[in-house]
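Each remark here refers to the structure printed beneath this line.
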Amino acid sequence: MTLVARVDAVLRARRLGPGPLLVAVSGGADSMALLDLLQRAPSLAECSLIVAHVDHGIHPASAEVAGQVRLAAHAAHLPFLSTALRLGPDASETAARRARLGWLRAAAAEAGARWIVLAHHADDQHETTLMRFLRGSGPAGLSGMRTQEGMLLRPLLGISRSTLRRYATSRGLAWWDDPANTDPRHLRSWLRQVALPVLRDRLPDLPARLEQGRRQAAGDRRAWNAALRSWPGLALRDPQDFSVDWSVLREMPSPLALALVQALARSAGGPAGPVRIRRALQSLSSAQSGASADLGQGWRAELSFGRFTIMPPPRLAPPVLPSPGGAETAIHAGVGQTRWGGWRVRWTTEPAPLVQPRDGHTAWFITAALSLRAWRPGDRLAPLGGRGQRLAVRCFQEAKVPRSFRLAWPMIEGEGTLAWIPGVCRSDRLVPRAGEVALRIDVDPPV
């Protein structure tokens with residue numbers, strides 16, 4: 001089987017569907033090979049590729065490398081996105097990785113891409129497994145990287161570095177060798193250049209042994225994920241809110257509760273360190289609803305409405321955003337969109353339906369001046385189909401929206417009154433007649 005066929009089989013199994021894919025291209029041999037392989041993959045015929053490059057600003061030649069990647073993208077007639085982070089020569093691997101992934105996710109959201117394709121390969125996987133072991137990771141960490149992890153795709157994980165280099169050479173691809181990859185100051189580079197060659201001399205089958213251990217750890221991780229979803233009474237609700245029934249969880253033996261909460265935190269994309277999770281469970285064991293505990297990196301565990309919920313770092317929205325319907329010309333232009341923290345807000349004009357849902361994520365309004373703003377204490381609205389006015393906080397409570405989410409929730413105001421809490425409650429104000437040309441607003445929650 002050719003290398004193109006191997007990569008295409010991985011992609012085909014994911015059933016990506018049509019649409020844009022953001023391809024992270026560093027300029028090294030691995031990512032340049034990835035870009036070439038994706039262009040030749042038959043399963044991506046209905047997909048459009050977008051080349052994304054992050055100039056970390058660590059090496060003096062980084063701007064030149066960015067230019068080379070730009071030229072490669074233009075030669076392939078592909079869109080090119082880039083950023084310059086200016087991290088400086090002393091930036092750590094961890095800082096660079098977090099900054100890089102943060103920008104790639106933001107760029108994907110802006111471009112409407114559902115997937116970010118990365119060039120991690122089999123050697124990266126073995127290095128990652130060994131690094132995590134040396135840092136004291138448990139089975140979940142030792143399971144290594146996954147081919148699909150949220151919106152991240154790694155179609156090269158079963159392919160070695162040497163195979164990718166041979167492919168890049170055979171295709172006449174140009175690439176840049178980052179000196180940091182051979183700098184022993186970095187743990188990964190030291191393992192690659194010093195430790196692994198010595199270990200392979202003593203254990204020629206070392207890659208197979210590392211892969212065997214990684215597969216066992218991955219099986220353990222899958223087992224706990226399955227237990228989280230099937231344990232009687234836990235009633236996992238993901239992907240809506242990553243929460244479980246607190247009354248069931250707190251009656252479990254401590255080691256079992258710890259393992260299940262670690263699986264819950266991993267599912268939410270948060271940190272799953274056993275020390276912080278154990279402390280969180282202990283501190284919340286006799287706490288009241290609304291209490292929370294720190295899990296690190298801005299993540300928290302919160303008790304809310306009888307549920308134990310993993311809460312991501314708050315996405316604080318700016319106090320005021322431009323009004324989607326503030327100018328009549330903008331409304332009649334037909335289409336517009338903006339971001340509110342992790343939310344996406346889109347609007348267009350179309351005839352209003354006969355009936356509007358009160359708790360949906362889509363609403364229609366007469367073409368008045370509308371604005372997007374944050375929740376304010378004391379906010380009230382008159383619920384559609386109801387009587388009188390109700391406090392917005394009461395609406396949040398009835399919809400079981402945890403307290404930590406409310407400050408970052410988008411609110412739609414029109415003519416000086418609260419008109420809509422998306423996904424929670426639509427008011428009876430500014431409602432158009434059925435068939436009347438109206439402003440339709442769609443508010444998509446964070447993924």
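The values are calculated or read from the model by the stated rules, or taken from the named source; none is laboratory data. Remember, it's a predicted structure, so these values are computed and weren't measured experimentally. Positions of Cβ are backbone-derived with ideal geometry, glycine not excepted, and every protein chain shown enters the neighbour counts. Accessible surface is based on the protein model in full, side chains and every heavy atom, while ligands, DNA and RNA are left aside. Shrake-Rupley method; radii C 1.70, N 1.55, O 1.52, S 1.80 Å.
Using a simple spin-label model with pseudo-atoms 7 Å out from Cα toward Cβ, R376 and L407 lie 1.8 nm apart.
T169 contributes an accessible area of around 90 Å² to the protein surface, as traced by a 1.4 Å probe with all chains present.
Cα-based radius of gyration for region 30-159, normalised by 2.2 N^0.38 Å, reads 1.12.
Against the main long axis of the alpha-carbon atoms of the chain, helix 206-230 sits at an angle near 20°.
Between helix 122-134 and the chain there is an angle of about 80 degrees, using the helix long axis and the longest principal axis of the Cα atoms.
For G386, the shell of other residues with beta-carbons less than 11 Å away shows a net charge of +3, using +1 for Lys and Arg and -1 for Asp and Glu.
Normalising by the residue count of the chain, find the relative contact order in percent from Cα pairs under 8 Å and 6+ residues apart. Let's see the in-between values first.
Details: 742 pairs, mean separation 44.8, N = 447.
Result for the chain is 10 percent.
Split the accessible area of region 145-220 by element, probe 1.4 Å, and carbon with sulfur accounts for 51%. All other residues whose Cβ lies under 14 angstrom from that of L130 are scored, Lys and Arg at +1 and Asp and Glu at -1, for a net of +3. Judged by a Cβ-Cβ distance under 4.7 Å, the unpaired cysteines of the chain are C47.
Sort S427, S82 by heavy-atom solvent-accessible area, probe 1.4 angstrom, most to least. Spell out each step's value before the answer.
Values: S427 0, S82 55 Å².
Ranked list, largest accessible area first: S82, S427.
What FRET efficiency comes out for Q288 versus W190 if R0 is 45 angstrom and r is the Cβ-Cβ distance? Round to the nearest 0.05.
About 0.35, to the nearest 0.05.
Note that region 254-263 has calculated 3J(HN,Hα) couplings of 3, x, 5, 4, 4, 5, 6, 5, 4, 5 Hz, one per residue in order, obtained from phi through the Karplus relation 6.51 cos²θ - 1.76 cosθ + 1.60 (θ = phi - 60°); glycine and proline are x. Residues whose amide H falls under 5 Å from that of F242, counting only those 5 or more places apart or on a different chain, are R237, with hydrogens built in the peptide plane. Only Lys, Arg, Asp and Glu carry charge here, each on its Cβ (+1 for the first two, -1 for the last two); on that basis the chain has a dipole of about 920 debye about its Cα centre.
Think of a 1.4 Å ball rolled over the protein heavy atoms: the chain then has 50 Å² of accessible area per residue.
Summarising the amide proton neighbourhood of G360: residues at separation of 5 or more, or on other chains, whose placed amide H is nearer than 5 Å comprise G423. Placing +1 on each Lys and Arg Cβ and -1 on each Asp and Glu Cβ, with no other charges, gives region 43-139 a dipole about its Cα centre of roughly 300 debye. Spin-label model, S48 to V355: label points 7 Å out along the Cα-to-beta-carbon direction sit 3.8 nm apart. Per residue, the chain reaches -11000 deg cm²/dmol at 222 nm when only DSSP H runs of four or more residues are counted, each adding -39500 (n - 2.57).
Once Kirkwood radius over Cα pairs in Å is calculated for the structure shown, the corresponding label among (1) 24.9; (2) 23.4; (3) 21.9 turns out to be (1).
Round to a whole angstrom and tell me the spacing of the C-alpha centers of region 344-390 and region 237-313. Comparing the Cα centres of region 344-390 and region 237-313, I get a distance of 33 Å. What the phi angles of region 146-154 give under the Karplus curve with 6.51, -1.76 and 1.60, with θ = phi - 60°, is a coupling list of 10, 4, 10, 9, x, 8, 8, 10, 10 Hz, glycine and proline written as x.
By accessible area of protein heavy atoms, probe 1.4 Å, what ranking do F365, F80 get, highest first? Working shown, then result.
Working: F365 0, F80 35 Å².
Accessible-area ranking of F365, F80, largest first: F80, F365.
Remark: region 88-161 carries a charge dipole of roughly 180 debye about the Cα centre, counting +1 on each Lys and Arg Cβ and -1 on each Asp and Glu Cβ. Sequentially through region 286-293, phi angles give Karplus couplings (6.51, -1.76, 1.60; θ = phi - 60°) of 10, 8, 8, 4, x, 6, 9, 9 Hz, Gly and Pro residues having no value and appearing as x.
To the nearest 0.05, what FRET efficiency results for R200 and R146 with a Förster distance of 30 Å applied to their C-beta separation?
Details: r = 25 Å, r/R0 = 0.84.
The calculated FRET efficiency here is 0.75.
Could you tell me which residue out of W246, L44, H74 lies farthest along the dipole of the chain toward its positive end? Charges go on the beta carbon: Lys and Arg +1, Asp and Glu -1, centred on the Cα centre. Positive-most Cα among the choices belongs to W246.
Contour minus end-to-end for R279 and Q337, with contour as 0.36 nm per residue of separation and end-to-end as the Cα-Cα distance?
Gain on stretching R279 to Q337: 16.7 nm.
Could you list log10 I(q)/I(0) for region 1-43 at q = 0.24, 0.34 Å⁻¹, which the Debye formula gives when each Cα is one point scatterer? The computed values of log10 I(q)/I(0) come out as -0.90, -1.23. Computed from Cα atoms, the angle from the helix 3-14 axis to the main principal axis of the chain rounds to 30 degrees. Taking the DSSP beta bridges with both ends in the chain, the antiparallel portion is around 75 percent.
By how many nm would the segment from R433 to R237 grow when fully extended, if each residue of separation counts as 0.36 nm and the alpha-carbon distance is taken off? Could you put the intermediate results ahead of the total?
Numbers: separation 196, 0.36 × 196 = 70.56 nm, distance 3.65 nm.
Taking R433 through R237 to full extension adds about 66.9 nm, to one decimal.
Taking D124, D178, D294, D359 and ordering them by how much accessible surface each has at a 1.4 Å probe, largest first, produces D359, D294, D178, D124. Taking amide H atoms as placed 1.01 Å from N in the peptide plane, the amide H of L370 lies under 5 Å from those of G325, G326, each 5 or more residues away in sequence or on another chain.
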